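Remarks on the structure that follows.
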Amino acid sequence: YDYQMLDRKEIRDYVTQLRLGDAVCGASFSPHDGHLNPLKLLTSMIVALKETGAAMHTDQQVQSIAYSNECFEIKSTKEKFIAKKVVLACGLGIKGLAQQVGLKIPIRPQRGQILVTERTKPLLEIPFATIRQTQEGSFMLGASHEEVGYNTGTNMTQIRKIATHAVQTFPELSRLQLIRCWGALRVLTPDAKPVYVESESCPGAYVVTSHSGITLTPLHAGVLPAWILEGTTPEGFEQFHSNRFDA
């Protein structure tokens, strides 16, 4: 994995439009990092699914999964589905459904808050871990790491911390107005690593969960289909089995 450590002078070669704060003494850089617009990714995925003939059933919640005669019966709030294979990839909703197919998946929520500024001219060409400028011109700042259960709210304590860090890094950001903030929940396992597992008692039932589905999208697109559709287990996948949490 290519990366390099930068001092203040080297950072200025990458950040030419913003003054560095006195608190900045260095940074790490990797050419593999980047910024992805999740709304555009979602739109692209929906288009691609339709082009491949996939059927989408939205605005409904799965209530139960039953396994019998090598088939699954999935009941939602609106419909009933029959399938030979089922993939549980519903984030924090996995825990209860996984138990119905013989799997124990320990996951928990962790809140992260994000701040968004007004739009401005292009100032930051490369994304930082907690500071980045979108194509539309807004700066996205954050995030926090809070153990607050399923609370998706926001609070001034974290907003102040995030804003202070951003201004300490790039003082000129203090001129921008904050226009919105929100809280969202990460899906975390006890070691914060992904879980990829097939049920032994209900073969054909898979669980896929990771902290960042967007970050791991390239891996998921290349590896998971072969595992699920063809039964080809990738090398090293045993490290992501949920039995690692059994004490």
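Data overview
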| item | result |
| --- | --- |
| DSSP bridge pairs, the chain: antiparallel proportion in percent, nearest 5 | 90 |
| Fraction of accessible area attributable to carbon and sulfur, the chain (%, probe 1.4 Å) | 54 |
| Candidates Val195, Val24, Val208, ranked by Gaussian network fluctuation over the chain, Cα under 10 Å, top entry | Val24 |
| DSSP H segments from the chain that extend 18 Å or more along their own axis, Cα-based, with Kyte-Doolittle mean of 0.5 or above | 38-51 |
| Max mean-square fluctuation residue, GNM over the chain, Cα-Cα springs under 10 Å, options Thr130, Thr16, Thr189 | Thr16 |
| Proximal aspartates and glutamates relative to Lys9, as straight alpha-carbon distance under 14 Å, when same-chain residues fewer than 8 apart are discounted | Asp22 |
| Most mobile listed residue (Gly53, Gly34, Gly142) in the chain, GNM with C-alpha springs under 10 Å | Gly53 |
| The stretch 98-131: trypsin sites (Lys or Arg not before Pro) falling in loop per DSSP and having at most 14 other Cβ within 10 Å | Lys104, Arg119 |
| Cut-off 9 Å between beta-carbons: net charge of the residues surrounding Gly204, Lys and Arg +1, Asp and Glu -1 | 0 |
| Low-density loop cleavage sites - GluC sites (Glu not before Pro) in the stretch 138-247, where at most 13 other Cβ are within 10 Å (DSSP) | Glu147, Glu200, Glu235 |
| Note, ³J(HN,Hα) from phi for the stretch 94-99, Karplus 6.51, -1.76, 1.60, rounded to Hz, x at Gly and Pro | 5, 3, x, 5, 4, 4 |
| Probe 1.4 Å, protein heavy atoms only - accessible area per residue of the stretch 63-106 in square angstrom | 59 |
| Ellipsoid semi-axes in whole angstrom, largest first, where each is sqrt(5λ) of the Cα gyration tensor of the chain | 39, 20, 19 |
| Accessible solvent surface per residue of the stretch 130-247, calculated while the other protein chains remain in place, 1.4 angstrom probe, Å² | 57 |
| Phi to ³J(HN,Hα) by Karplus 6.51 cos²θ - 1.76 cosθ + 1.60 over the stretch 21-31, Hz, x for Gly, Pro | x, 5, 6, 7, 10, x, 7, 9, 9, 9, x |
| Candidate lysines for bridging to Lys40, where Cα separation is under 22 Å - those fewer than 8 sequence places away on the same chain excluded | Lys50, Lys121 |
| Qualifying lysines (Cα of each under 25 Å from Cα of Lys104; at least 8 residues distant if same chain) | Lys75, Lys80, Lys84, Lys85, Lys95, Lys193 |
| For the stretch 181-191, Karplus couplings with θ = phi - 60° (6.51, -1.76, 1.60), whole Hz, Gly/Pro x | 8, 7, x, 9, 9, 7, 10, 10, 8, x, 9 |
| Placed amide H near Leu6: partners under 5 Å, 5+ positions off or other chain | Ala27, Ser28, Phe29 |
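The values are calculated or read from the model by the stated rules, or taken from the named source; none is laboratory data. Keep in mind it's a predicted model, so treat the numbers as computed, not measured. Note: ideal-geometry Cβ built from the backbone for every residue, glycine included; neighbour counts use all protein chains shown. Side chains are part of the model used for accessible areas, which takes the heavy atoms of the whole protein and leaves out ligands, DNA and RNA. Shrake-Rupley method; radii C 1.70, N 1.55, O 1.52, S 1.80 Å.
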